[in-house]
1. In a Gaussian network model over the chain where Cα atoms closer than 10 Å are linked, find which of His24, His93, His59 has the largest mean-square fluctuation.
2. Charges at C-beta only: +1 for Lys and Arg, -1 for Asp and Glu. How large is the resulting dipole of the chain about its Cα centre, in Debye rounded to 20?
3. Can you sort Arg56, Arg72 so the residue with the fewest Cβ neighbours within 10 Å comes first?
4. From the backbone phi of the stretch 76-84, what are the Karplus-calculated ³J(HN,Hα) couplings (6.51 cos²θ - 1.76 cosθ + 1.60, θ = phi - 60°) in whole Hz, Gly and Pro given as x?
5. Divide by every residue of the chain the summed helix terms, -39500 (n - 2.57) for each DSSP H run of at least 4, and state the resulting mean residue ellipticity at 222 nm, rounded to the nearest 500 deg cm²/dmol.
6. Largest first and in whole Å, what are the equivalent-ellipsoid semi-axes of the chain based on the Cα gyration tensor, each being the root of 5 times an eigenvalue?
7. Listing Phe102, Phe95 from the residue with the fewest other Cβ atoms within 10 Å to the one with the most, what is the order?
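Computed from the coordinates by the stated procedures, all read-outs in this text should not be read as laboratory data. Everything numeric in this text was worked out from a predicted model, so none of it was measured. Heads up, the Cβs are rebuilt from the backbone with ideal geometry, glycines too, and the neighbour counts pull from every protein chain shown.
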Amino acid sequence: MKAQALHGHLDALLLAVLEGGALHGYAIIEALRVRSEGNLDLPTGTIYPALRRLERAGHVASTWSTVNGRERRTYELTDTGRRALAGERAGWHEFSSTVGRFLDPATPPANPA
């Protein structure tokens, strides 16, 4: 799946990944890959700018640490980020329900009043 297909949803996915706890950048990329069963194999050039954007918005906080002699930046969800994630989830449920009325053959169309 291409990064372009995620337009408007990448931030929510990153927040959801960080909901489980603090992770460094590569671990975030790997979590996206694993949870999507390989469908989200996104490059660092897509993920890191999004993480910086989320940090500027106050949705994530980052800290630097040294692991095995390597500097790593670890990201974690803030309270503001948790609230943003809740809003993203609500919006996603409404969106997917609405689109499902058109694209899901198992969903009968609503009867016009």
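1. Result: His93 has the largest fluctuation of those listed.
2. Details: 13 positive and 12 negative charges, 49 e Å.
The calculation lands at about 240 debye.
3. Numbers: Arg56 9, Arg72 16.
Ranked by crowding around the Cβ, least crowded first: Arg56, Arg72.
4. 9, 6, 9, 4, 4, x, 5, 5, 4
5. Working: 4 runs with 58 residues, N = 113.
Value at 222 nm, helices only: -16500 deg cm²/dmol.
6. Working: eigenvalues 209, 52, 23 Å².
Semi-axis lengths for the chain are 32, 16, 11 Å.
7. Numbers: Phe102 8, Phe95 12.
Fewest-to-most Cβ neighbours within 10 Å comes out as Phe102, Phe95.
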